[in-house]
1. Looking at the square roots a ≥ b ≥ c of the eigenvalues of the Cα gyration tensor of the stretch 2-56, which shape do they give, rounded for a/c under 1.5, prolate if a/b is larger than b/c, or oblate?
2. Could you work out which residue, out of G125, G25, G17, moves most in a Gaussian network model of the chain, that is, has the largest mean-square fluctuation with Cα springs under 10 Å?
3. Between M1 and A55, what is the label-point separation in nm under the 7 Å Cα-to-beta-carbon projection?
4. What 222 nm value per residue comes from the helices of the chain, counting each DSSP H run with n ≥ 4 as -39,500 (n - 2.57) and dividing by all residues, nearest 500 deg cm²/dmol?
5. Using only the Cα atoms, what convex hull volume per residue in Å³ does the stretch 153-200 have?
6. Whole Å is fine, so just give me how far the alpha carbon centre of the stretch 39-115 lies from that of the stretch 134-163.
7. Looking at the square roots a ≥ b ≥ c of the eigenvalues of the Cα gyration tensor of the stretch 91-152, which shape do they give, rounded for a/c under 1.5, prolate if a/b is larger than b/c, or oblate?
8. Note down the nm distance, to one decimal, between modelled labels 7 Å out along Cα→Cβ at A200 and at R81.
Amino acid sequence: MRITKYTHSCVRLEHDGGVLVIDPGIWSEPRALVGADAVLVSHEHTDHVDVLRLAGLGVPVFAPEGAVLPDLAPLPVTRVRAGNRFTVAGLEVTAVGGRHATIHGGRPDCVNLGYLVGDDVYHPGDSLHPPGRPVRTLLVPAQASWLKLTEAIDFAVAVEAERVVAIHDAQLNERGLASVNGWFSETVPGYRYLAPGETA
């Protein structure tokens with residue numbers, strides 16, 4: 001499976017002619033969606049979903065049941081919940097998780113799903129919910145107001161993926177990114193940083 005990382009949490013997966021895009025938010029590049037067969041949305045925050053762009057795209061969108069996405073009203077959205085399995089863009093997807101990680105005082109509190117694509121790739125959205133089975137590639141959040149770096153490292157080590165790629169990194173400047181990459185490289189086997197537009 002070919003993985004292309006775009007800005008922040010947006011990832012494009014290509015396999016046997018199918019194109020699946022996960023979390024194309026307002027910071028991600030529009031080219032991530034060119035030729036997409038379907039889109040998975042982990043939760044309702046704009047850094048993970050650009051509803052206006054998706055409304056104009058006209059491809060199937062899969063989003064958590066309970067996510068508030070009002071601007072997608074004219075577009076059919078398939079609502080999914082944790083435990084659902086479905087096939088999209090020729091790829092088997094399993095939804096896992098349930099809630100967004102908290103920042104303070106129980107907030108934010110919104111639904112969040114991670115997506116396990118085959119046994120190849122796991123994208124957790126804004127949580128550190130484990131995939132529940134072995135996975136070849138883990139997309140690990142690198143920085144967030146809800147996240148401590150040690151939690152991200154522990155999560156990546158516990159999942160034991162062959163390959164680990166950082167996502168959720170758009171708010172890091174060059175110095176912060178260098179520090180995060182240094183820690184991941186030293187502590188997480190199989191870690192690789194992909195800059196926006198790079199493919200693995």
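Quick note: the coordinates plus some simple rules give every number you see, no bench work behind them. All values derive from a computational prediction rather than experimental measurement. Positions of Cβ are generated from backbone atoms using ideal geometry, with glycine treated the same way; all protein chains shown enter the neighbour counts.
1. Details: a/c = 1.83, a/b = 1.53, b/c = 1.20.
Since a/c reaches 1.5 and a/b is larger than b/c, the shape of the stretch 2-56 is classed as prolate.
2. Highest fluctuation among the options: G17.
3. So the two model labels end up 3.0 nm from each other.
4. One gets -5000 deg cm²/dmol as the mean residue ellipticity at 222 nm.
5. On the way: hull volume 3.6 nm³, N = 48.
It is 75 Å³ per residue.
6. The stretch 39-115 and the stretch 134-163 have Cα centres spaced 20 Å from each other.
7. The shape class here is oblate.
8. Output for this residue pair reads 3.3 nm.
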